[in-house]
Amino acid sequence: MGYETETHIGRYIGRMQWLMPFIGFDWRYRNQMGERNFQEENLLGQKNTKDNRSLLSIGINYTLPMLIRFQTEVFTNGNVRLQLEREDIPISKRIRAMFMLNTDKEFMGGFDYILNRNSRIRTHYDSDMGFGLGINFNY
(Lines give C-alpha, C1' and ligand atoms only; values in the text may rest on other atoms or scores of the structure.)
Protein backbone atom coordinates (compact mmCIF):
# COMPACT_ATOMS: atom_id res chain seq x y z
CA MET A 1 0.00 0.00 0.00
CA GLY A 2 3.02 2.33 0.10
CA TYR A 3 6.23 3.09 1.91
CA GLU A 4 7.34 5.04 4.95
CA THR A 5 10.58 6.09 6.61
CA GLU A 6 11.06 8.46 9.50
CA THR A 7 14.68 9.23 10.36
CA HIS A 8 15.90 11.38 13.25
CA ILE A 9 19.47 12.31 14.15
CA GLY A 10 19.87 13.90 17.56
CA ARG A 11 21.94 14.21 20.69
CA TYR A 12 20.92 13.89 24.33
CA ILE A 13 21.78 16.92 26.44
CA GLY A 14 22.87 16.95 30.06
CA ARG A 15 23.93 14.35 32.55
CA MET A 16 20.45 12.86 33.00
CA GLN A 17 19.74 12.83 29.22
CA TRP A 18 16.05 13.70 29.41
CA LEU A 19 16.20 16.18 26.49
CA MET A 20 17.19 15.42 22.89
CA PRO A 21 17.03 18.00 20.08
CA PHE A 22 17.04 16.42 16.61
CA ILE A 23 16.78 17.02 12.89
CA GLY A 24 14.91 14.58 10.73
CA PHE A 25 13.41 13.52 7.45
CA ASP A 26 9.95 12.02 6.97
CA TRP A 27 9.19 10.34 3.64
CA ARG A 28 5.96 8.44 3.18
CA TYR A 29 3.37 7.56 0.62
CA ARG A 30 0.26 5.49 1.17
CA ASN A 31 -2.10 4.46 -1.58
CA GLN A 32 -5.50 3.83 -0.02
CA MET A 33 -6.51 1.70 -3.09
CA GLY A 34 -9.54 3.76 -4.02
CA GLU A 35 -10.67 4.31 -0.43
CA ARG A 36 -11.36 7.85 0.62
CA ASN A 37 -9.86 7.23 4.07
CA PHE A 38 -7.80 10.38 4.51
CA GLN A 39 -7.86 13.14 7.11
CA GLU A 40 -8.25 16.69 5.84
CA GLU A 41 -6.94 18.22 9.08
CA ASN A 42 -4.87 17.02 12.01
CA LEU A 43 -5.83 17.70 15.65
CA LEU A 44 -4.15 21.13 15.49
CA GLY A 45 -6.31 22.24 12.53
CA GLN A 46 -3.46 22.02 9.99
CA LYS A 47 -3.63 20.29 6.60
CA ASN A 48 -2.73 16.66 7.28
CA THR A 49 0.01 15.22 5.04
CA LYS A 50 0.42 11.85 6.76
CA ASP A 51 -0.40 9.89 3.58
CA ASN A 52 1.94 11.78 1.23
CA ARG A 53 4.89 13.54 2.86
CA SER A 54 8.50 14.26 1.93
CA LEU A 55 9.72 16.84 4.43
CA LEU A 56 12.65 17.82 6.63
CA SER A 57 11.95 18.53 10.29
CA ILE A 58 13.46 19.82 13.50
CA GLY A 59 12.24 18.81 16.93
CA ILE A 60 12.78 17.93 20.55
CA ASN A 61 12.24 14.69 22.49
CA TYR A 62 11.69 15.08 26.21
CA THR A 63 11.36 12.15 28.62
CA LEU A 64 8.42 12.63 30.98
CA PRO A 65 7.83 10.76 34.26
CA MET A 66 7.19 7.02 33.83
CA LEU A 67 9.64 7.17 30.85
CA ILE A 68 6.98 8.43 28.44
CA ARG A 69 8.62 10.22 25.53
CA PHE A 70 7.04 13.52 24.42
CA GLN A 71 8.07 14.64 20.95
CA THR A 72 7.48 18.03 19.35
CA GLU A 73 8.38 18.24 15.67
CA VAL A 74 8.10 21.12 13.16
CA PHE A 75 8.17 20.23 9.44
CA THR A 76 9.45 22.45 6.64
CA ASN A 77 5.85 23.08 5.47
CA GLY A 78 5.09 24.67 8.88
CA ASN A 79 3.06 21.79 10.31
CA VAL A 80 3.63 20.80 13.94
CA ARG A 81 3.28 17.25 15.25
CA LEU A 82 3.07 16.37 18.94
CA GLN A 83 3.50 12.74 19.99
CA LEU A 84 3.47 10.64 23.17
CA GLU A 85 5.17 7.22 23.12
CA ARG A 86 6.45 4.54 25.42
CA GLU A 87 7.89 1.13 24.61
CA ASP A 88 8.95 -1.62 27.01
CA ILE A 89 6.27 -1.12 29.69
CA PRO A 90 6.69 -4.11 32.04
CA ILE A 91 3.47 -6.11 32.45
CA SER A 92 5.03 -9.33 33.73
CA LYS A 93 8.44 -10.99 33.74
CA ARG A 94 8.19 -11.79 30.01
CA ILE A 95 5.47 -9.45 28.66
CA ARG A 96 6.03 -5.80 27.70
CA ALA A 97 3.49 -3.30 26.35
CA MET A 98 3.86 -0.25 24.11
CA PHE A 99 1.75 2.68 22.90
CA MET A 100 1.98 5.75 20.68
CA LEU A 101 -0.44 8.54 19.79
CA ASN A 102 0.03 11.83 17.95
CA THR A 103 -1.74 14.87 16.53
CA ASP A 104 -1.83 13.34 13.00
CA LYS A 105 -4.65 11.13 14.40
CA GLU A 106 -2.33 8.11 14.39
CA PHE A 107 -2.12 5.64 17.27
CA MET A 108 -0.45 2.32 18.03
CA GLY A 109 -0.61 -0.23 20.83
CA GLY A 110 0.98 -3.62 21.24
CA PHE A 111 2.79 -6.28 23.23
CA ASP A 112 6.14 -8.07 23.23
CA TYR A 113 6.70 -11.57 24.59
CA ILE A 114 10.34 -12.11 25.59
CA LEU A 115 11.55 -15.52 24.40
CA ASN A 116 15.12 -15.16 25.68
CA ARG A 117 17.67 -12.43 26.19
CA ASN A 118 18.15 -11.93 22.44
CA SER A 119 14.68 -12.35 20.93
CA ARG A 120 11.05 -11.32 21.31
CA ILE A 121 7.77 -11.95 19.53
CA ARG A 122 5.90 -8.72 18.87
CA THR A 123 2.30 -8.00 17.96
CA HIS A 124 0.66 -4.62 17.65
CA TYR A 125 -2.13 -2.64 16.05
CA ASP A 126 -1.36 0.54 14.12
CA SER A 127 -4.13 2.91 12.99
CA ASP A 128 -2.61 3.16 9.49
CA MET A 129 -1.07 -0.27 8.92
CA GLY A 130 -3.49 -2.49 10.89
CA PHE A 131 -2.41 -5.58 12.83
CA GLY A 132 1.17 -6.79 12.72
CA LEU A 133 3.20 -9.72 14.03
CA GLY A 134 6.96 -10.08 14.02
CA ILE A 135 10.14 -11.27 15.64
CA ASN A 136 12.62 -8.86 17.21
CA PHE A 137 16.28 -9.87 17.50
CA ASN A 138 18.67 -8.05 19.84
CA TYR A 139 22.43 -8.34 19.79
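The values are calculated or read from the model by the stated rules, or taken from the named source; none is laboratory data. Here the structure is a predicted model, which is why all the values come from computation and not from measurement. As a convention, Cβ positions derive from the backbone with ideal geometry for all residues, glycine included, and neighbour counts pool all protein chains shown.
Please tell me if L115 is over 16 Å from the mean Cα position of the chain (by Cα), farther than 20 Å from T7 by Cβ and touching a residue at least 40 places away in the same chain (Cβ under 8 Å). Write out each step before concluding.
Numbers: over 16 Å from the mean Cα position of the chain (by Cα): yes; farther than 20 Å from T7 by Cβ: yes; touching a residue at least 40 places away in the same chain (Cβ under 8 Å): no.
Answer is no for this residue.
Find the residue count for region 118-131, including only residues that are loosely packed, with under 12 Cβ neighbours inside 10 Å and aromatic (F, W, Y).
Total satisfying the criteria: 1.
Is there a residue being at pLDDT 90 or above, under 15 Å from the mean Cα position of the chain (by Cα), crowded, with 16+ Cβ neighbours inside 10 Å and over 20 Å from D126 (Cα atoms) anywhere in region 62-69?
Yes, because at least one residue in region 62-69 is at pLDDT 90 or above, under 15 Å from the mean Cα position of the chain (by Cα), crowded, with 16+ Cβ neighbours inside 10 Å and over 20 Å from D126 (Cα atoms).
Spot the failing condition for N61; the list is (1) in contact with a strand residue (DSSP E or B) (Cβ under 7 Å, 6 or more places away or on another chain); (2) not aliphatic (A, V, I, L, M); (3) not in a strand (DSSP E or B), and only one is missed.
N61 satisfies all of (1) in contact with a strand residue (DSSP E or B) (Cβ under 7 Å, 6 or more places away or on another chain); (2) not aliphatic (A, V, I, L, M); (3) not in a strand (DSSP E or B) except (3).
What is the one condition in (1) in contact with a strand residue (DSSP E or B) (Cβ under 7 Å, 6 or more places away or on another chain); (2) exposed (fewer than 15 other Cβ atoms within 10 Å of the Cβ); (3) closer than 25 Å to M66 by Cβ that G134 does not satisfy?
So the condition that G134 fails would be (3).
Considering each residue of region 84-112, count those that are under 17 Å from E41 (Cβ atoms) and either surrounded by 17 or more Cβ atoms within 10 Å (Cβ to Cβ) or out of contact with any Ser or Thr (no Cβ under 8 Å at 6 or more places or on another chain) (or both), and give that number.
So the answer is 5.
Given (1) closer than 13 Å to N102 by Cβ; (2) without any contact (Cβ under 8 Å) to a residue 24 or more places away in the chain; (3) not aromatic (F, W, Y), identify the lone condition not met by K50.
It is condition (2) that K50 fails.
Given the criteria modelled with pLDDT of 95 or more and not polar (S, T, N, Q), does E73 qualify? Before the answer, list the steps.
Numbers: modelled with pLDDT of 95 or more: yes; not polar (S, T, N, Q): yes.
Spelling it out, E73 is indeed modelled with pLDDT of 95 or more and not polar (S, T, N, Q).
As an exercise: evaluate L115 against (1) out of contact with any Lys or Arg (no Cβ under 9 Å at 6 or more places or on another chain); (2) exposed (fewer than 15 other Cβ atoms within 10 Å of the Cβ) and give the number of the one condition it does not meet.
Exception for L115: condition (1).
Per-residue answers, yes or no, for (1) more than 20 Å from I60 (Cα to Cα); (2) at pLDDT 95 or above:
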| site | (1), (2) |
| --- | --- |
| H8 | no, yes |
| Y12 | no, yes |
| P21 | no, yes |
| R28 | yes, no |
| Q32 | yes, no |
| E35 | yes, no |
| Q39 | yes, no |
| N42 | no, no |
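Counting only residues that are farther than 14 Å from T49 by Cα and of a type in the set (D, E, K, R), which one in region 11-33 is farthest from the chain's Cα centre (by Cα)?
Looking at the filtered set, the residue picked out is R15.
Could you list all residues from region 85-131 that are of a type in the set (S, T, N, Q) and either under 18 Å from R69 (Cα atoms) or at pLDDT below 95 (or both)? Reasoning before the result, please.
Going through region 85-131, the residues of a type in the set (S, T, N, Q) turn out to be 92, 102-103, 116, 118-119, 123, 127.
N102, T103, S127 - these are the residues of region 85-131 that are of a type in the set (S, T, N, Q) and either under 18 Å from R69 (Cα atoms) or at pLDDT below 95 (or both).
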